[in-house]
Amino acid sequence: MINRIKALLGATRETAADAAPHRGFADLQVAAAALLVEVAQMDADFSAAEQAKILDLVRTRFELTEAEAESLLEIAGQKVANASQLYSFTRVVKDSFDHAQRVELMEMLWEVVYADGTLHHLEANLMRRIAGLIFVPDRESGEARKRALRRLGLES
């Protein structure tokens with residue numbers, strides 16, 4: 001009965017992949033990785049460069065082994081495929097990261113966006129939405145973007 005009420009109110013139904021444990025990963029790790037995957041897939045081209053960038057970022061940020069990073073990426077991909085909205089991911093990030101960590105995540109997201117060397121208009125729109133949902137002001141998101149571009153060697 002509760003599930004039907006949730007469905008009527010627009011809540012997403014829990015699938016078997018959602019109900020399964022995260023193989024030892026914290027909800028925050030899965031949510032952050034899912035946002036990285038969502039950004040990478042936004043332009044309908046999840047390139048090898050974007051995948052490699054995500055693996056590198058989650059391995060470094062969460063101090064994971066290569067195998068753990070690949071497992072986290074797989075779980076994140078499943079979560080994104082089963083999700084109908086960003087809110088579940090951004091809520092975990094907003095509630096778990098302090099402001100500086102949320103800005104750092106924006107920088108990571110910008111690195112993924114530019115991993116293929118281009119900014120697609122759908123990616124730019126998604127980045128604005130994510131920044132708003134995790135309460136990172138436009139100015140700080142723009143600064144994070146510039147740092148990401150410098151790190152990738154795309155801006156002097």
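Against the conditions (1) in contact with a Leu (Cβ under 8 Å, 6 or more places away or on another chain); (2) closer than 15 Å to residue 31 by Cβ, residue 101 satisfies every one except (1).
All of 155, 143 fail the test of being charged (D, E, K, R) and either surrounded by 16 or more Cβ atoms within 10 Å (Cβ to Cβ) or assigned to a helix (DSSP H, G or I) (or both), apart from 143.
Matching residues to (1) under 17 Å from residue 61 (Cα atoms); (2) crowded, with 20+ Cβ neighbours inside 10 Å; (3) touching a Ser or Thr at 6+ places or on another chain (Cβ under 7 Å); (4) of a type in the set (A, V, I, L, M):
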position: 93; (1), (2), (3), (4): yes, yes, no, yes
position: 97; (1), (2), (3), (4): yes, no, no, no
position: 102; (1), (2), (3), (4): yes, yes, no, no
position: 122; (1), (2), (3), (4): no, no, no, yes
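Among the residues making up region 81-95, those that are assigned to a helix (DSSP H, G or I) and at pLDDT below 95 are 81, 82, 87, 88. The C-beta contact set for region 93-116 (first residue within 21 Å of residue 47 (Cβ to Cβ), second residue aromatic (Phe, Trp, Tyr) and modelled with pLDDT of 95 or more, distance under 9 angstrom, 6+ apart or interchain) comprises 105/97.
Apart from one condition, residue 49 fits all of (1) surrounded by 13 or more Cβ atoms within 10 Å (Cβ to Cβ); (2) within 15 Å of residue 126 (Cα to Cα); the exception is (2). Selection of region 59-83 for residues being touching a Leu at 6+ places or on another chain (Cβ under 7 Å) and either hydroxyl-bearing (Ser, Thr, Tyr) or more than 26 Å from residue 121 (Cβ to Cβ) (or both) yields 64, 69, 70, 72. Of all residues in region 124-140, count the ones that are in a helix (DSSP H, G or I) and either exposed (fewer than 13 other Cβ atoms within 10 Å of the Cβ) or free of Cβ contacts under 8 Å to residues at least 40 places away in the same chain (or both). Residues flagged as in a helix (DSSP H, G or I) and either exposed (fewer than 13 other Cβ atoms within 10 Å of the Cβ) or free of Cβ contacts under 8 Å to residues at least 40 places away in the same chain (or both) within region 124-140 amount to 9. Where helices (runs of 4 or more DSSP H) sit wholly within region 1-64, those with at least 3 residues that are over 16 Å from residue 84 (Cα atoms) and modelled with pLDDT under 60 occupy 2-8.
The values are calculated or read from the model by the stated rules, or taken from the named source; none is laboratory data. Because the structure is a prediction, the values reported are computed rather than measured. Every residue, glycine as well, gets a Cβ built from its backbone with ideal geometry; the counts of neighbours run over all protein chains shown.
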